[in-house]
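Take a look at the structure below.
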Amino acid sequence: MLVNNVGVASVEDIHMKPIAQIYAHSAINIYSQVLMSKFIIPAFIKRFEQNGQRSAMINASSSSHWDMEQGLCFYAASKSFNFSFSEIVRKDYSKYMDVLTVTPRNVIT
């Protein structure tokens, strides 16, 4: 099972967000989910083909992709990406695994 649950947010208007922070948040919120999926999906396929066992993936998005709160445009956009990516992975790889997309509200960590 793969659980893609990572994300960072900062509340500020996009024109005030430093470019370095945009790249860093992209790496955390977007690229990590894509790369972990890329690395693990071949093992899920192999497992299914060898013994018929299905695998599971849980991808965290956020309700922010619906809420569109002021100051969270970059975070909301990255979580919209996570939601769409997860749903497409679910369709593309449904033969081999189950994919669950979760969209929690505020989480205190």
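For the reader, a short list of remarks on this structure follows.
- Shape of the range 1-61, Cα gyration tensor, a/c cut at 1.5: prolate
- Label selected from (i) 13.8, 43; (ii) 15.3, 52; (iii) 15.9, 61, the criterion being Rg and Dmax of the Cα atoms in Å as computed here: (ii)
- Residue among ALA27, ASN59, GLY7 farthest towards the positive dipole end of the chain, charges placed on Cβ: ASN59
- In the range 1-84, GluC sites (Glu not before Pro) in a DSSP loop with at most 16 other beta-carbon atoms within 10 Å: GLU12, GLU69
- Long-range amide H partners of VAL3 with built H, under 5 Å: ILE58
- For the range 86-97, the Karplus equation 6.51 cos²θ - 1.76 cosθ + 1.60, evaluated at θ = phi - 60°, returns couplings of 4, 5, 6, 4, 4, 5, 5, 10, 4, 5, 9, 7 Hz by residue, with Gly and Pro reported as x.
- Counted charge near TYR31, where neighbours are those whose Cβ lies closer than 15 Å (Asp, Glu -1; Lys, Arg +1): +2
Rule-based calculations on the coordinates, nothing more; no lab input. Just so it is clear, the structure is predicted and the values come from calculations on it, not from any experiment. In this analysis, Cβ positions are derived from the backbone assuming ideal geometry, glycine residues included, and neighbour counts consider all displayed protein chains.
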